[in-house]
Amino acid sequence: MSDSALQLLNSIFGYASFRGNQQAIIERVSGGGDALVLMPTGGGKSLCYQIPALLRPGTAIIVSPLIALMQDQVEALHQLGIEAAFLNSSLDAMAQREVEQRLRAGDLKLLYVAPERLLTGRFLDLLEQTEVSLFAIDEAHCVSQWGHDFRPEYRQLTILHERFPQVPRIALTATADAPTRREIIERLGLGSAESFIASFDRPNIRYSVVEKDNPRRQLKDFLLGRHGESGIVYCLSRNKVEATATALVEDGFQALPYHAGMDAAQRAANQKRFLREDGIVMVATIAFGMGIDKPDVRFVAHLDLPKSLEGYYQETGRAGRDGLPSEAWMTYGLADVVTLSQFIARSEAGEERKRVERSKLNALIGYAESTGCRRRQLLSYFGETPPERCGNCDNCLDPPSTWDATVAAQKALSCVYRTGQRFGVKHLIDVLRGVDGEKVGKFDHDRLSTFGIGAEFDDRQWSAIFRQLVAAGFLVPDDEGYGTLRLADASRAVLRGEVEVRMRHVADRVERKARQKSS
Ligand code: ADP
Ligand code: ZN
């Protein structure tokens, strides 16, 4: 049977050999078994159901939330001479009836359907009268409420198994962390599916993180010499998208904004330009990118912390699909951590969900603060056991040095304590440095024993110390949104001198770069 799969690969798709575990997946599904496929974007998931669809009698039903992608895929299949169609809200009533007609007549090898369409009683009845070869559930992570692509309709897809128990199912996703995987298996009733997990490594992407200092200037430095390259710059807010796009245009880049608050036509036009033209920088919120398939995206930059490591990996995975060297770059500062902590604290979600979100945020902070290999950090989060060093991330290429920050940590923590655990970083630094800041006089904080005990560091160094104390879980930002810090239980051991605190050298890399440039 795999002979005929290979023949189809050669003769119809024009490829010489299967990639990774494509062949095993195709054998499993063609033979009538269920499969869960975890493969990075660009890994070649489509063939995993397209070839079984051709090998098995009947019509394959592909569930996809991405209307634009359906059209592209169907067009591509037509060009290969394969009978395929899609059903979604973009079709008028007549076109829909025509597709249904072809389905009933058994003319289609593949039919792409939006989940809400698939789940209508009418369509399910239609399927009863059809020979279905397999169900493919694309973007299967949409079933997970923890991700930002959650689609409630995906939860109802178990009906496929209930009504068509003999039809094999293949669920596919590029989101790979263990909780999401478990949720897909549980929510889609895929207990008897064989899992196929490809390595998520994207060796051509170079990961780096810089301490947020002056993000606009830092972005400019990063983009130096990148004129003419296609790339994506992600920001958290719509305002920042607009402002950043404008600034980049002023710097001579062909930058376009993209966010959900824009007029739909303008948004679509910008997306089209990004896909069709060379050298466009798309400045966007995370509303942009799902299903975007552009091979030569050279960089993905994050001006704000993404929501989770899965999100980050998916967003940066849009770079370098052509396999050529590409960059995933991010700026990161304490304010990001505070903002995201507040998002979580203030959300309406229940305690359980908040707990999950907090642990996701911590994983992300761990990545940003890591002094070891970034790739290793990412891949181990996705359950892989990568080598110690990748040689293609900032920390591997330019290892950060660390220092014994125990005394500095003790000073910072006692300053938080002495000021009553109700101030933000700016004021805390004023007290530590003995600066007569706006609140110092008002609260008589110049009389505290901690006033002026930290004159050895400047503002920037202290702010990096506070950030790392938050990242390490010694300080906790408040829930109300004032940016105030309080002590976590873990900080007691530091104050008592029972643990050593090591931190990366502040602005180490930035300063070294500056030195290199001037020498
Ligand atoms: P995914 O859905 O996992 O993001 P696709 O199915 O769109 O990935 O495949 C990404 C690209 O790789 C496509 O251009 C596809 O034609 C190509 N591809 C897939 N499998 C193979 C293969 N075995 N050999 C060569 N190219 C392949
Ligand atoms: Zn590395």
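Any residue at all in the range 330-346 that is of a type in the set (Gly, Ala, Ser), assigned to a loop (DSSP other than H, G, I, E, B), at pLDDT below 90 and within 16 Å of ligand 1 (Cβ to nearest atom)? No, the conditions are met nowhere in the range 330-346. Of the numbered criteria (1) touching a helix residue (DSSP H, G or I) at 6+ places or on another chain (Cβ under 9 Å); (2) more than 22 Å from LEU118 (Cβ to Cβ); (3) of a type outside the set (Val, Ile, Thr), the one SER11 fails is (1). Consider the range 360-385 and keep the residues that are outside any helix (DSSP H, G or I) and away from ligand 2 (no atom under 14 Å from the Cβ). The one that is farthest from TYR313 (Cα to Cα) is THR385. Filtered by the rule that a residue be buried (at least 17 other Cβ atoms within 10 Å of the Cβ) and either within 16 Å of ligand 2 (Cβ to nearest atom) or at pLDDT below 95 (or both), the range 34-43 gives LEU38, MET39, PRO40, THR41, GLY43.
State which residue is nearest to VAL297 (Cα to Cα) when the search covers only the range 329-344 and only residues that are surrounded by 21 or more Cβ atoms within 10 Å (Cβ to Cβ) and among the aromatic types (Phe, Trp, Tyr). Looking at residues that are surrounded by 21 or more Cβ atoms within 10 Å (Cβ to Cβ) and among the aromatic types (Phe, Trp, Tyr), I get TRP329. Is there any pair with a first residue in the range 391-406 that is closer than 17 Å to TRP462 by Cβ and more than 8 Å from ligand 2 (Cβ to nearest atom) and a second that is hydrophobic (A, V, I, L, M, F, W, C) and part of a loop (DSSP other than H, G, I, E, B) whose Cβ atoms are under 6 Å apart and which are 6 or more apart or on different chains, and what are they? Short answer, once both residue conditions are applied: ALA405/VAL501; THR406/VAL501.
Any residue that is polar (S, T, N, Q), in contact (Cβ under 8 Å) with a residue 24 or more places away in the chain, away from ligand 2 (no atom under 16 Å from the Cβ) and at negative phi - is there at least one of those in the range 199-216? No: zero hits. When the residues of the range 429-457 are narrowed to those that are among the β-branched types (Val, Ile, Thr) and in a loop (DSSP other than H, G, I, E, B), which ends up farthest from ALA408 (Cα to Cα)? Looking at the filtered set, the residue picked out is VAL435. Can you tell me which residue is farthest from ligand 1 (Cβ to nearest atom) among those in the range 395-410 that are crowded, with 18+ Cβ neighbours inside 10 Å and in a helix (DSSP H, G or I)? Selected residue: ALA408.
Answer yes if at least one residue in the range 57-73 is more than 28 Å from GLU315 (Cα to Cα), part of a strand (DSSP E or B) and either touching a residue at least 60 places away in the same chain (Cβ under 8 Å) or over 25 Å from the mean Cα position of the chain (by Cα) (or both), and no otherwise.
Taking every residue of the range 57-73 in turn, at least one turns out to be more than 28 Å from GLU315 (Cα to Cα), part of a strand (DSSP E or B) and either touching a residue at least 60 places away in the same chain (Cβ under 8 Å) or over 25 Å from the mean Cα position of the chain (by Cα) (or both).
The set of residues in the range 404-458 being within 21 Å of GLY473 (Cβ to Cβ) and β-branched (Val, Ile, Thr) consists of THR406, VAL407, VAL416, THR419, VAL425, ILE429. When the range 14-47 is examined, which residues are found to be outside any loop (DSSP other than H, G, I, E, B), more than 7 Å from ligand 1 (Cβ to nearest atom) and of a type outside the set (Lys, Arg)? Result: GLN23, ALA24, ILE25, ILE26, GLU27, VAL29, SER30, ALA35, LEU36, VAL37, LEU38.
Residues that are crowded, with 22+ Cβ neighbours inside 10 Å, more than 30 Å from ARG447 (Cβ to Cβ), free of Cβ contacts under 8 Å to residues at least 24 places away in the same chain and more than 16 Å from ligand 1 (Cβ to nearest atom) do not occur anywhere in the range 358-368. Within the range 3-33, if we keep just the residues that are within 27 Å of the chain's Cα centre (by Cα) and modelled with pLDDT of 95 or more, the residue that is surrounded by the most Cβ atoms within 10 Å (Cβ to Cβ) turns out to be ILE25.
On the given criteria, is ALA464 assigned to a helix (DSSP H, G or I), in contact (Cβ under 8 Å) with a residue 24 or more places away in the chain, away from ligand 2 (no atom under 16 Å from the Cβ) and crowded, with 20+ Cβ neighbours inside 10 Å? The answer is yes for ALA464. Residue pairs whose Cβ atoms lie under 6 Å apart, separated by 6 or more positions or on different chains, with the first residue in the range 39-50 and farther than 13 Å from PRO295 by Cβ and the second within 6 Å of ligand 1 (Cβ to nearest atom) and basic (Lys, Arg), are MET39/LYS45; GLY44/ARG19.
Take the residues of the range 477-503 that are crowded, with 20+ Cβ neighbours inside 10 Å and not in a helix (DSSP H, G or I): which is modelled with the lowest pLDDT? First the steps, then the outcome.
We begin by selecting, within the range 477-503, every residue crowded, with 20+ Cβ neighbours inside 10 Å; these are 477, 484-485, 491, 494, 501, 503.
Those still in the list that are not in a helix (DSSP H, G or I) too: 477, 484-485, 501, 503.
Numbers: PRO477: 77, THR484: 83, LEU485: 89, VAL501: 91, MET503: 89.
Looking at residues that are crowded, with 20+ Cβ neighbours inside 10 Å and not in a helix (DSSP H, G or I), I get PRO477.
Suppose the filter is surrounded by fewer than 20 Cβ atoms within 10 Å (Cβ to Cβ), at pLDDT below 95 and not basic (Lys, Arg); does GLN71 pass it? Yes, satisfied. For GLY434, state whether it is of a type outside the set (A, V, I, L, M, F, W, C), without any contact (Cβ under 8 Å) to a residue 60 or more places away in the chain and away from ligand 1 (no atom under 16 Å from the Cβ). Yes; evaluated as a whole, the condition is true for this residue.
The values are calculated or read from the model by the stated rules, or taken from the named source; none is laboratory data. On a predicted model such as this, the values are computed, not experimentally measured, just so you know. Every residue, glycine among them, receives a Cβ derived from its backbone with ideal geometry; neighbour counts consider all protein chains shown.
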